[in-house]
Amino acid sequence: MQDTEIHPKNTGSRRRWINIQIALAVFLCAGLISMLVLLVQNIRLYHANGFLNPEHRAQELWDLIRSKSPAGIPSADLIQDWMTFDYLNHVFSLPPAYLKSALSIHDARYPNLSSRQYARRAHLDSAAFLQQVKTAIQNELQKRSSL
């Protein structure tokens, strides 16, 4: 009968350990549920404001570029370093290889990289290279307008 005897000392510490584990599990579950609720709220907010719809954001940017320039012609001054060469070719109706040849780009990822990415990979100053991109596009736009 000694094996089945309950020792008060062991029972108290075991209960205390179980209570600590339960409290810790409840605390962790409450934290996870709170984070999940916040995540869902943020996703709904982003969706409502159009941040999760890339086509909507691209259209907004396109409209902004068109509205800031005379006669709806895009302005090269609005070019930013996150824009890919493919995007710039599309917005300014450039031939696909124009920027590649005008800027002597030899990266195999052209046109699917931004001017910032290219400048970083080619060890160029990002701001200076962005200015070269703007200048090349302005030159092409001026050449077209003079025709």
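Please treat every number below as a calculation from the coordinates, not as lab data. Not measured: the values here are computed from a predicted model. Every residue, glycine as well, gets a Cβ built from its backbone with ideal geometry; the counts of neighbours run over all protein chains shown.
Separation of segment 30-50 and segment 81-105, taken as the distance between their Cα centroids, equals 38 angstrom. Modelled spin-label separation between Leu32 and Leu124, with each label point placed 7 Å from Cα along the Cα-to-Cβ direction: 4.9 nm.
Express the C-alpha Rg of segment 73-136 as a ratio against the empirical globular expectation 2.2 N^0.38 Å, rounded to two decimals. Please report the intermediate quantities before stating the final value.
Working: Rg = 10.5 Å, N = 64, 2.2 N^0.38 = 10.7 Å.
For segment 73-136, the normalised Cα radius of gyration comes out at 0.98.
Distance between the modelled labels on Lys100 and Lys143, one decimal in nanometres: 1.7 nm (7 Å Cα→Cβ projection).
Subtracting the Cα-Cα distance of Arg15 and Asp81 from 0.36 nm times their residue separation leaves 17.6 nm of extension gain.
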